[in-house]
1. Which of 318, 217 has the fewest other C-beta atoms within 10 Å, and how do the rest follow up to the most?
2. Considering the Cα positions of region 30-153, please state its Rg to one decimal place and its Dmax as a whole number of Å.
3. Sort 36-46, 154-164 for me by packing, meaning the mean count of neighbouring Cβ atoms within 10 Å per residue, highest on top.
4. Rank these for me by crowding, 122, 337, 103, going from fewest to most other beta carbons within 10 Å.
5. Full-extension gain between residue 217 and residue 327, please, as 0.36 nm times their residue separation minus the C-alpha to C-alpha distance.
6. What's the ranking of 320-326, 295-301 by average number of surrounding C-beta atoms within 10 Å, highest first?
7. Applying 1/(1 + (r/R0)^6) with R0 = 51 Å to the Cβ-Cβ distance of residue 132 and residue 227, what FRET efficiency is obtained, to the nearest 0.05?
8. Between residue 205 and residue 88, take the C-beta separation as r, use R0 = 35 Å, and let me know the FRET efficiency to the nearest 0.05.
């Protein structure tokens, strides 16, 4: 939550309380100031004004209704400042996952302290990145770690009665920055894992879309009386379509489990973008499978299956096409050369060997023989 300095906190709280609670819920600085007023009267030893206590309880309740329970908080007694962590369920379909937020309002107590405000800014920035990328246990660990660093910084100011020595403040801030770098290392490792999980979820979503698209395609063919479930061509078409998509999914899953060839995703592009990229992966595999099927049927590749095993042969070829992009690229390059110049594959002859009747395409034409004068060359 981005912190904003409040010059007149009591006025801000009164304005928020006069508006509908569902429209303008109180911010964390509102809660901090209400708590500071209530705690100051409580620590003074006299009776606490019921209006002040009611304001604090109501502000805290409305804040928790918006952001979740305030499970961890460090209240500063030197001035109206605090850092806290809230936890709120993401909904019935979140399978126990919760939304964890880091909050801070520290401008009042750190306005005359060098170096420490920069460390607290780092805490808030890192907490925002963690909240956007990580989920479940890793998110809670990282946010709680950041909260510990921030509360340690506020505790240092408390121990010095709000007037820390400049040298000590810079030393404490430097130690906090080093600890935050450790949190960043944990965030990067957990972010890679979380990104791969989101990418895999997107692949499953893309596979479901391909199934729906296959049924729609069959329905369109049926409307034009072109669909025959027993026709070998129809069976091979949908088998290659499914095998290519399945090969792409198996390829990604195997790379996720590999220690040497792990798939790398940019986890900071956002969960929705990772979902979209993952959803396209089976779609690309299905296209590769069908492209090689049509290339073989069209004679662009110098390979022919055995007639009795053609269904299994085409299906296996399409699976390999979706599984290995390198394998597919080699075959597509071969088909491209055949289509452009009529060249045979390099494995069956020398590069540039012409098919019968194909025009010469490589290099310049050989020079014509010139007539020799009588007696030349003797």
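1. 217, 318
2. Computed over the Cα atoms of region 30-153, radius of gyration and Dmax are 15.8, 49 Å.
3. In descending order of packing, they fall as 154-164, 36-46.
4. 337, 122, 103
5. 36.8 nm
6. 320-326, 295-301
7. 0.65
8. The value I calculate is 0.85.
Each value in this text was obtained by applying a stated rule to the coordinates, not by laboratory testing. Remember, predicted model here, so these are calculated numbers, not experimental data. All Cβ positions, glycine included, derive from the backbone under ideal geometry; neighbour counts span all protein chains shown.
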